[in-house]
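Participant: First the structure, which I've put down as structure tokens, then a few questions once you've had a look.
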């Protein structure tokens, strides 16, 4: 199943679940309108931001296919660092040298060799892409900026929606949600969300991963767009320890957008199927 197909399937599931959510509004306490207005507002944000994010991915796809044709060449593959070399470089440079640890002679030599290869790779890529028309390059940059911005918007909107949904879960269990009620509490052991979704639900693992990405975006993490693959990805850097920047490894793809929509739809369905206990 392609990422695009997954997205449209997830969009349909989300639309159906949101229709069932609207039926709940009528039975919410009219004297406490905050939850209803919150759900209405964040539902709109969730839908619109997901559409913007999808459009952002689509805008980058043509450039990704173009890059794929370039990086699949034997010359490019020979010049690029291997995965092991990249990990080794990050370990020596970021985990040791940047933290003030002394390097052995072999590590110094290894670091210098990898740095030389990186410099060569940089010169090689400049040579490859220097003939790209200026207009095309500007369009690519705008497309990447739109994707990064729309991804951040979706991360914030979807995460906020989970908290609003958790408030509805509390109401369905006869509890009053607080001003700062968070799904992070609901997914804990013996949390309300676990009572409704079941202990084996895939929602919890997804929520943890998604929350981590949102937290990175909240901290102002820089991000880049990985081109050259069918499933274009936005990769966030992690500088939360304020000493070392861990580059990449926190990716968000079109398939992740679809998964977030599916998890939201599933949680909505489980929540609205529970009789109101208030």
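Participant: If the viscosity is 1.002 mPa s and the temperature 20 °C, what Stokes-Einstein diffusion coefficient in µm²/s follows for segment 104-215 when Rh is the Kirkwood radius over Cα pairs? Write out the running numbers ahead of the final one.
Facilitator: Working: Rh = 18.6 Å.
For these conditions, the coefficient is 115 µm²/s.
Participant: Classify segment 14-54: rounded, prolate or oblate, from the alpha-carbon gyration tensor (a ≥ b ≥ c, eigenvalue square roots; a/c under 1.5 rounded; otherwise prolate if a/b is larger than b/c)?
Facilitator: Because a/c hits 1.5 or more and a/b fails to exceed b/c, segment 14-54 counts as oblate.
Participant: Then there's this: For the chain, just say rounded, prolate or oblate: build the C-alpha gyration tensor, square-root its eigenvalues into a ≥ b ≥ c, call rounded for a/c under 1.5, and beyond that prolate if a/b exceeds b/c, oblate if not.
Facilitator: Cα axes put the chain in the prolate bin.
Participant: When the chain is fully extended, how far beyond the present Cα-Cα distance does residue 135 get from residue 185, taking 0.36 nm per residue of separation?
Facilitator: Stretched out fully, the residue 135 to residue 185 stretch lengthens by 13.1 nm.
Participant: Can you order the peptides 175-188, 47-60 by their average number of other Cβ atoms within 10 Å per residue, highest first?
Facilitator: Highest-to-lowest ranking by the protection proxy: 47-60, 175-188.
Participant: Right, something else. Counting other beta carbons within 10 Å of each Cβ, put 256, 163 in order, fewest first.
Facilitator: 163, 256
Participant: Report, in degrees rounded to the nearest 10, the 0 to 90 angle that the Cα long axis of helix 105-129 makes with the longest principal axis of the chain.
Facilitator: 80
Participant: Follow-up. At 7 Å along Cα-to-Cβ for each site, give me the label-to-label distance between residue 222 and residue 156 in nm.
Facilitator: 2.1
Participant: Cα gyration tensor of segment 177-220, axes a ≥ b ≥ c as square roots of the eigenvalues: rounded (a/c below 1.5), prolate (a/b > b/c) or oblate?
Facilitator: Cα axes put segment 177-220 in the oblate bin.
Participant: Could you work out the helix-only [θ] at 222 nm for the chain, with each DSSP H run of four or more residues adding -39,500 (n - 2.57) and the total divided by the number of residues, to the nearest 500 deg cm²/dmol?
Facilitator: Values: 10 runs with 184 residues, N = 278.
My calculation for the chain gives -22500 deg cm²/dmol from helical runs alone.
Participant: Take the alpha carbon atoms of segment 172-229, find their center, do the same for segment 144-164, and report the distance between the two centers in whole angstrom.
Facilitator: After rounding, the separation between the Cα centres reads 13 Å.
Participant: Also: Relative to the first principal axis of the alpha-carbon coordinates of the chain, what is the inclination of helix 3-25, with its axis defined by its Cα atoms, in degrees from 0 to 90 and to the nearest 10?
Facilitator: 20
Participant: On to the next question. Pairs of Cα atoms under 8 Å, at least six residues apart: use those to get the relative contact order of segment 93-201, whole percent.
Facilitator: Details: 38 pairs, mean separation 13.8, N = 109.
Computed over segment 93-201, the figure is 13 percent.
Participant: How would you rank 139, 37, going from fewest to most other Cβ atoms within 10 Å of each one's own Cβ?
Facilitator: 37, 139
Participant: Using alpha-carbon pairs under 8 Å, 6+ residues apart, how would you state the relative contact order of the chain in percent?
Facilitator: Answer for the chain is 32 percent.
Participant: Now a separate question. Given R₀ = 22 Å, FRET efficiency for residue 9-residue 269 by Cβ-Cβ distance, to 0.05?
Facilitator: Once rounded, the FRET efficiency stands at 0.90.
Participant: Of 82, 271, how do they rank once you tally other Cβ atoms within 10 Å and put the fewest first?
Facilitator: 82, 271
Participant: Right, another one. Can you tell me the mean projection area, over all orientations, of the convex hull of segment 57-123's alpha carbons? Units nm², please.
Facilitator: Approximately 6.1 nm², given one-decimal rounding.
Laboratory data are not the source of any read-out in this text; all were calculated from the coordinates shown. Because the structure is predicted, anything quoted here is derived from the model rather than measured. Every residue, glycine among them, receives a Cβ derived from its backbone with ideal geometry; neighbour counts consider all protein chains shown.
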